[in-house]
Structure formats: structure tokens, C-alpha cells
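Comments concern the structure below.
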Amino acid sequence: MLGKVIAGSTVIAGIILIIMLQTTNPSTVGPLGLLAVFFLLYVIVLGATTELLWIGSRLIQSIGRRFATKRPPGRLSLQRAYYFSSVLALGPIIALAMLSIGSFGFYEMVLIAIFLAVATLYVSRRSSR
């Protein structure tokens, strides 16, 4: 069920974003419209990242079974992949938002990477229970 919700929301967000980009321009849409664009981009990146993590963990598990003798790597559940994706999908959106206001440099990129590392560590500790 979670997979269908993620896939459906990703497709719907993509359709709404395409319609929004074709019918409006940034100068007339206002701040709420720009927030909607960033939110829709977040939903799209979230869906894509979730699928990549989930499928990637299955591939790593199948490859790991061939080489690991004692403890092969486990598969990442869809729910846990969604938890990690909710954090990781925020990185490109923050970078895009900072780039759009013209204040994206090496220092900001390092800060975003540190934020993602801490948030990923937090999610891994909280979701392992």
C-alpha cells in the first residue's frame, strides 16, 4: 500500500508541476506559488529516491549473497527506505533554493552535507528499533 501511495503521489506531483510551469511564470505566481513548486519538486525527488534506495538495496542484497559468507546484507524495507528518502530528498531541494537566491557556494554545500549526514544518522538510529 505504501508503494502505491508513493508512486501515485510522485506521478500526481509531476503532473501538477508540469501544469504549473506551463501556465504561470515566477513573477506572477507569488511566494505561495514558489513554495508549491519547491514542495512538488520535493515530492518528486522523494518518490524517486525511495525507489532508488529500495531497488538498490535489493540489488546489493543479491550481490552480497554471492560474496558474503558469514552475514549477507539485508534488504531495506520500503518503509525504512521512505524514512531515509524523506531526509535525503531534502538536500537537492535546499541546494536548489539556495542557488535560486544566489547564495550557494562551497561552504553552503558542506553545511547541507553535514545536515544530511546528521539527519541520516538520526533516522538510522530511530528506525532500527
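The values are calculated or read from the model by the stated rules, or taken from the named source; none is laboratory data. Owing to the predicted nature of the structure, the values given are computational and were not obtained by experimental measurement. Here Cβ is always computed from backbone atoms with ideal geometry, including for glycine, and neighbour counts include all displayed protein chains.
Structure above, values below:
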read-out	value
Among the residues listed as SER62, SER57, SER9, the single one being out of contact with any Gly (no Cβ under 6 Å at 6 or more places or on another chain), surrounded by 13 or more Cβ atoms within 10 Å (Cβ to Cβ) and either of a type in the set (Val, Ile, Thr) or over 30 Å from MET98 (Cα atoms) (or both)	SER57
Candidate set from the stretch 1-10 (those that are more than 24 Å from ILE94 (Cβ to Cβ) and assigned to a helix (DSSP H, G or I)); member that is modelled with the lowest pLDDT	LEU2
Subset tally (residues that are at pLDDT below 90 and aromatic (Phe, Trp, Tyr)) for the stretch 65-103	1
Tally of residues being modelled with pLDDT under 90 and either touching a Lys or Arg at 6+ places or on another chain (Cβ under 9 Å) or farther than 25 Å from GLY91 by Cβ (or both) across the stretch 25-53	4
Residues (within 13 Å of the chain's Cα centre (by Cα) and more than 28 Å from TYR107 (Cα to Cα)) located in the stretch 53-79	TRP54
Any pair with Cβ under 9 angstrom, 6 or more apart, that starts in the stretch 60-89 at a residue that is more than 19 Å from THR50 (Cα to Cα) and ends at one that is charged (D, E, K, R)	PRO72/ARG65; PRO72/ARG66
Complete set of residues in the stretch 12-47 that are in contact (Cβ under 8 Å) with a residue 12 or more places away in the chain and exposed (fewer than 12 other Cβ atoms within 10 Å of the Cβ)	none
Residue satisfying condition, being assigned to a helix (DSSP H, G or I), out of contact with any Cys (no Cβ under 9 Å at 6 or more places or on another chain), free of Cβ contacts under 8 Å to residues at least 12 places away in the same chain and closer than 30 Å to ILE16 by Cα, within set LEU99, LEU116, LEU121	LEU99
